[in-house]
1. Evaluate region 73-96: report whether one residue or more is more than 25 Å from Gly412 (Cα to Cα), in a helix (DSSP H, G or I) and touching a residue at least 12 places away in the same chain (Cβ under 8 Å).
2. Residue pairs, Cβ under 6 Å, 6 or more apart or interchain, first in region 580-604 and aliphatic (A, V, I, L, M), second part of a loop (DSSP other than H, G, I, E, B) and surrounded by fewer than 24 Cβ atoms within 10 Å (Cβ to Cβ). List them.
3. Which members of region 261-295 meet the condition of being basic (Lys, Arg) and closer than 27 Å to Lys239 by Cβ?
4. Here is a list of conditions, (1) free of Cβ contacts under 8 Å to residues at least 60 places away in the same chain; (2) among the charged types (D, E, K, R); (3) farther than 30 Å from Val414 by Cα; (4) out of contact with any strand residue (DSSP E or B) (no Cβ under 9 Å at 6 or more places or on another chain), and Glu350 meets all of them except one; can you say which number that is?
5. Of all residues in region 249-265, count the ones that are surrounded by fewer than 17 Cβ atoms within 10 Å (Cβ to Cβ) and in a helix (DSSP H, G or I).
6. Do any residues in region 517-538 that are surrounded by 15 or more Cβ atoms within 10 Å (Cβ to Cβ) have Cβ atoms under 8 Å from those of residues that are among the β-branched types (Val, Ile, Thr) and in a helix (DSSP H, G or I), where the two are at least six apart or on different chains, and which pairs are they?
7. Are any residues in region 513-553 among the polar types (S, T, N, Q) and assigned to a helix (DSSP H, G or I), and if so, which ones?
8. Taking region 279-313, which residues are under 30 Å from Glu44 (Cβ atoms) and aliphatic (A, V, I, L, M)?
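The values are calculated or read from the model by the stated rules, or taken from the named source; none is laboratory data. Fair warning: this is a prediction, and the values are worked out from it, not measured in the lab. Glycine gets a Cβ as well: all are built from the backbone with ideal geometry, and neighbour counts include every protein chain shown.
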Amino acid sequence: MGAKQPKTTSWGFDLKNIDSSVRPQDDFYRYANGGWIARNTIPEDESRWGSFNILRFNTEHQLHALVLDILKKNKHKAGSDEQLIADTYRSALDQKRRNALGIKPLLPTLEKIRSVASFNEFVAVMTHMHRVGVSVPWEFYLDQDSKNSSKYLLNLTQDGIGMPEREYYLSSAQEHKRVRDAYVLHIEKILKLAGYSPAKAKEAREVVMKIETKLASFSMKKEDARDTEKTYNKYTIAKLQKEAPEIDWKRYFKGLGAGELKEVNVGQPEFFKKVAKLLATLPLSEWKQYLEWHAINEHAGLLSEPFLQENWDFYSKTLTGAKQMRAPWRRALSAVNGVVGEALGKKYVEKHFTREAKRRMEGLVDDLFEAYEIRIKNLDWMSPATKKQALAKLHAMNRKIGYPKKFETYKGLVIRPDDFFGNALRATEFYHKKAMRRLNRPVDRAEWLMTPQTVNAYFQFNLNEIVFPAAILQPPFFFAQGDDAVNYGAIGSVIGHEISHGFDDQGSKFNAKGNMRPWWTPQDRKRFEKKAEVLVKQFNGYKVADGVSVNGKLTLGENIADLAGLAIAFDAFQIRLKKTGHKIIDGFTPEQRYFLGYAQSEQTIGRPEFEKMAALIDPHSASEHRVNGPASDLEPFYEAFNVQKGDKLYRDPAKRAKIW
């Protein structure tokens, strides 16, 4: 059985969720969600549980039913969407065959690494590994040129470590040390499964940790790595060759299939200078050991049950606190979404996404854009010159709702029902080749970066677009027949959030065409940054499990989007109320129902391990802070719930964050 849709009132909010022992003026998150929190526990196979997770789980059941329906027919035309879906699923579900094969599917790769006899051979094998998804000691990806968004540009960026980020190697903080100790044991355990003797596994462990710790020390801090200006460093290949001469870069790019490149973006130049030097300095045997470790570790989830279990033990149990592995059908479905996601997405929207839902969503988006335009025009801290550019960007912003106009085709991708490992590698190389073919082609502005069945949304800086996949347009985010207040508070704030990413601390650096160019007056930019600093300080004061602090600088972009999105959606709702009228339902005003709808969309309970990891690496704040934080800054919330001085959520007007 799947998770049940939450019972709601006719207006879209479950009154049993309210904890009346908590005053909304003191802790609105627990007032609105305390009843739900008390009634719910986190499933054993999850690290957190809440609105997003429940909707994702229910969507998985919808997708599973579609896959089972396809499986009823034994034979499908080779290369058809049905064949690709069915055989990806069958191969992933066939754990018996995977257990029989053990590490055999990986042996050709390991033999390639072990046969390396020279530095140039090592770089060639490393390049091959990059093509099949093992991006160490760095990563590459294709994206638009941030200063010329009509063209694609190959990007090089730091990578090469097996823990979530650099501080897990360098910090002496308790949580970092806990995870680091477990990772050391994880290296040993995986290598023993791969046939290493205990002594050899320990020796290899030391080599891996030595190299990864070095890479971590070379890496840009996460707060800086999200800075689009610091990570934009366009190099000619000649300049890259001069600064990191140990690598034959022309040969590397040719090996990737990128051809004769003229330029590339180097996300972290200092990292690449130091890594290139390290590659030429450390013994070849150590680099081979490091590469072999990553080949094994990053493919562990595709192998036999012992590998699968150990991979889960560290990356799910240790890092996020999950108690048991997800059911085989869920893991197999995840493989389908990863390999041929749009093929399944096409089936999903045909069955589960209505024209009425899309029409109503388009109306909500229109209202949000109207409200945003009014808000920009009325800003008291922005000059007319900058306002003109902000409005131009808003008007140029593209909207994608539900699903792409043209779905992905998978011509040439070979998927076999009895070759899960091979399917994963062929799919990775399929997408790699597709990316390399795009290098000298016009930017595909119709492309989606998420499948329609993804419960999420995004803003794309370079395309200046907001995207809302079909799956998020369901309760508790969107009620097709529900109360406008709840819809504007939930999906409306999500829409506002994504629009606001175009105007957050990073998105605001990109103009209407998606190019990173200054469009602010210097004085306006200074005022903006001063206002943003208020939000940084506010969120630095929040904590999660075991007293781990929220990182206000890391979460700044998302916090700006939360605050602005909630404010703009409220404005849009007020515009809507003028058309529909103001009425009380179950004792709640429209404004109160609006904030209840927002809080309901963020209801979450999480395991301590997950909460700590998220606070250390996730640019999103914890749900309670995403609700109470913006609420404590917004005057409409004070008015809706009569928040007064002395209440816990009361914030002195001079200390309230107000940006957009």
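1. yes
2. Ile585/Trp11
3. Selection gives Lys262, Lys273, Lys274, Lys277.
4. Glu350 satisfies all of (1) free of Cβ contacts under 8 Å to residues at least 60 places away in the same chain; (2) among the charged types (D, E, K, R); (3) farther than 30 Å from Val414 by Cα; (4) out of contact with any strand residue (DSSP E or B) (no Cβ under 9 Å at 6 or more places or on another chain) except (3).
5. Adding up the residues that qualify gives 3.
6. Going by the 8 Å Cβ cut-off, the qualifying pairs are Trp519/Thr386; Trp520/Thr386; Thr521/Thr386; Asp524/Thr386; Ala532/Ile560; Leu535/Ile560.
7. Gln523, Gln538, Asn540
8. Ile296, Ala300, Leu302, Leu303, Leu308
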